[in-house]
Amino acid sequence: MASILVTCYSRTGKTRILADSIGKGAKEVAGVEVDVLQFNRVTASDLVRYDGVILGSPVYFGGVAAELKEFIDSTTFVRGKLSGKIGAAFTTSGDRTGGKETAILSIVQAMLIHGMVVVGDPISPESKNEEHNGGHYGLAADGQLTEADLRHAEYFGRYVATIVARMFN
Ligand SMILES: Cc1cc2nc3c(=O)[nH]c(=O)nc-3n(C[C@H](O)[C@H](O)[C@H](O)COP(=O)(O)O)c2cc1C
């Protein structure tokens with residue numbers, strides 16, 4: 001059975017809500033086990049056990065939170081062991097133009113350096129007519145989370161999980 005870890009740093013809970021919705025969507029996909037774990041319970045060596053890793057952070061000054069960066073830096077100890085796994089990223093910001101893409105890209109950059117295969121957030125046929133249409137490089141939401149944001153996060157979880165199931169079962 002293929003497996004996915006969803007985790008994120010979250011200080012005030014918004015990014016964590018997205019993580020839960022991503023996990024909910026991913027769990028709907030047959031053939032994939034999904035763990036949505038508290039950030040402080042995850043170590044770099046845990047990542048090695050999963051076929052897919054979906055990692056999130058709030059935007060802090062246009063980048064990721066220092067806590068998430070510290071976690072990314074700790075993955076240097078598992079360098080070479082994440083190669084070929086699926087990776088995907090998500091973020092929340094306060095402002096509409098708050099730096100979501102730069103934050104996502106810094107997570108994706110680390111994944112690529114590990115040799116992971118990164119999955120983006122394409123325009124979903126399910127949410128085509130909604131306000132949330134796909135965050136391009138990863139899942140992104142700003143301001144107060146809406147029902148559309150959560151529906152799209154579930155779609156994103158299903159999308160990534162479908163690819164993990166196809167590649168690892
Ligand atoms: C230190 C700090 C820096 C922040 N920098 C930005 C920023 O550059 N752009 C932005 O839109 N929001 C910024 N925010 C707001 C957070 O990104 C936003 O509230 C986020 O959704 C919080 O996520 P959380 O509830 O998971 O902690 C910042 C917040 C903090 C505490």
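Yes or no, residue by residue, for (1) under 20 Å from S3 (Cβ atoms); (2) of a type in the set (V, I, T); (3) outside any loop (DSSP other than H, G, I, E, B):
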{"residue": "E67", "(1), (2), (3)": "no, no, yes"}
{"residue": "F77", "(1), (2), (3)": "no, no, yes"}
{"residue": "G84", "(1), (2), (3)": "yes, no, no"}
{"residue": "G87", "(1), (2), (3)": "yes, no, yes"}
{"residue": "F90", "(1), (2), (3)": "yes, no, yes"}
{"residue": "A103", "(1), (2), (3)": "no, no, yes"}
{"residue": "M111", "(1), (2), (3)": "yes, no, yes"}
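Among G87, G99, G80, G115, which is the only one that is on the phi > 0 side of the Ramachandran plot, surrounded by 18 or more Cβ atoms within 10 Å (Cβ to Cβ), free of Cβ contacts under 8 Å to residues at least 60 places away in the same chain and not basic (K, R)? None of the others qualify; the one that does is G99. Is it true that G23 is on the phi < 0 side of the Ramachandran plot, part of a helix (DSSP H, G or I), more than 10 Å from the ligand (Cβ to nearest atom) and touching a strand residue (DSSP E or B) at 6+ places or on another chain (Cβ under 9 Å)? Criteria met by G23.
Restricting segment 84-112 to residues that are modelled with pLDDT of 95 or more and β-branched (V, I, T) leaves a set whose member that is nearest to the ligand (Cβ to nearest atom) is T92.
Of all residues in segment 30-42, those satisfying the criterion of being assigned to a loop (DSSP other than H, G, I, E, B) and within 16 Å of the chain's Cα centre (by Cα) are L37, Q38, V42.
Within the group R16, R49, R11, which residue is within 13 Å of the chain's Cα centre (by Cα) and modelled with pLDDT of 95 or more?
Values: R49 fails: within 13 Å of the chain's Cα centre (by Cα); R11 fails: within 13 Å of the chain's Cα centre (by Cα).
From the options R16, R49, R11, the qualifying one is R16.
N40 meets each of the listed conditions (1) more than 25 Å from T146 (Cβ to Cβ); (2) more than 16 Å from the ligand (Cβ to nearest atom) apart from (2). Counting only residues that are in a helix (DSSP H, G or I), among the aliphatic types (A, V, I, L, M) and touching a residue at least 24 places away in the same chain (Cβ under 8 Å), segment 136-154 holds 2 of them.
Could you tell me whether any residue of segment 58-73 is surrounded by 13 or more Cβ atoms within 10 Å (Cβ to Cβ), more than 16 Å from the ligand (Cβ to nearest atom) and without any contact (Cβ under 8 Å) to a residue 40 or more places away in the chain? The answer is yes, given that some residue of segment 58-73 is surrounded by 13 or more Cβ atoms within 10 Å (Cβ to Cβ), more than 16 Å from the ligand (Cβ to nearest atom) and without any contact (Cβ under 8 Å) to a residue 40 or more places away in the chain. Every condition in (1) away from the ligand (no atom under 16 Å from the Cβ); (2) assigned to a strand (DSSP E or B) holds for V6 except the one numbered (1).
The values are calculated or read from the model by the stated rules, or taken from the named source; none is laboratory data. Just so you know, these numbers come straight off a predicted model, no measurement behind them. A quick note on method: Cβ atoms are made from the backbone with ideal geometry, for glycine too, and the neighbour counts reach across all protein chains shown.
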